[in-house]
Amino acid sequence: AEFLLLYFITVVILSPIIEELLFRGIFLRRFNKELDNLTLAILITSILFGLCHGFGGILGAILFGICVSILYIKSRNILVPIFAHFLNNLLSFLLALSGVEYLIQSNLAIIILIIILAIVSNFVLFKAIFSEWPNEME
């Protein structure tokens with residue numbers, strides 16, 4: 001129980017705050033200023049963010065980094081990506097706690113449904129990223 005609480009505090013609460021302050025609040029702003037190229041700043045920051053999330057989750061973390069970068073730039077408020085990151089980690093935590101991965105691995109219909117949902121959601125995600133891509137920061 002203590003380990004679970006510590007894990008929750010670390011992964012769900014502290015990580016989103018620290019990572020967003022670091023990657024969006026400092027790195028994104030700094031790369032944008034130094035490179036004078038917002039697209040490159042978003043991509044570099046998101047790749048670094050992805051690399052910090054270990055093998056297997058790198059591509060998802062890079063895409064997530066791009067999304068929260070856009071949220072930060074559009075909202076001009078660091079609390080927005082912190083909250084999005086918090087929700088993402090909370091959902092991950094709850095799914096891991098529920099043991100849903102065992103149900104998924106043992107049911108072909110659910111696997112097929114998840115593949116279809118992944119394809120559709122990635123299409124929607126990429127469409128949103130390209131339509132919302134910011135041209136400038138502040």
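The values are calculated or read from the model by the stated rules, or taken from the named source; none is laboratory data. Since this is a predicted model, take the numbers as computed values, not measurements. Positions of Cβ are backbone-derived with ideal geometry, glycine not excepted, and every protein chain shown enters the neighbour counts. These area figures cover heavy atoms from the full protein model, side chains too; ligands, DNA and RNA do not enter into them. Shrake-Rupley method; radii C 1.70, N 1.55, O 1.52, S 1.80 Å.
Observations on the structure shown:
- As a calculated quantity, the FRET efficiency between residue 58 and residue 2 at R0 = 35 Å, using C-beta atoms, amounts to about 0.70.
- Rounded, prolate or oblate (a/c below 1.5 giving rounded, otherwise prolate when a/b exceeds b/c) for segment 1-43 by Cα gyration tensor: prolate
- Average accessible surface area per residue within segment 15-120, 1.4 Å rolling probe, Å²: 61 Å²
- Gyration tensor verdict on segment 80-132 (Cα atoms; rounded if a/c is under 1.5, prolate if a/b is larger than b/c, oblate otherwise): oblate
- Couplings 3J(HN,Hα) for segment 121-138, derived from phi with the Karplus relation 6.51 cos²θ - 1.76 cosθ + 1.60 (θ = phi - 60°), are 5, 5, 4, 5, 4, 5, 4, 5, 4, 5, 6, 9, 4, x, 8, 8, 10, 6 Hz, where x marks Gly and Pro.
- Inter-label distance, nm, simple model (7 Å from Cα along the C-beta direction), residue 127/residue 102: 3.8 nm
- Carbon/sulfur fraction of accessible area - segment 1-84, other protein chains in place, 1.4 Å, %: 72 percent
- Counted by Cβ distance under 14 Å from residue 30, the other residues give a net charge of 0, where Lys and Arg count +1 and Asp and Glu count -1.
- DSSP-assigned coil residues among chymotrypsin sites (Phe, Trp or Tyr not before Pro) in segment 32-131, each with at most 15 further Cβ atoms within 10 Å: 55
- Helical runs (DSSP H, four residues minimum) scored at -39500 (n - 2.57) apiece and divided by the length of the chain put the mean residue ellipticity at 222 nm at -23500 deg cm²/dmol.
- Convex hull volume per residue, computed on the Cα atoms of the chain, equals 108 Å³.
- Couplings for segment 89-95, taken from phi via the Karplus curve 6.51 cos²θ - 1.76 cosθ + 1.60 with θ = phi - 60°, read 5, 5, 4, 4, 4, 5, 5 Hz in order; Gly and Pro are left as x.
- In nm, spacing of pseudo-spin labels at residue 83 and residue 113 (7 Å Cα→C-beta vector): 3.0 nm
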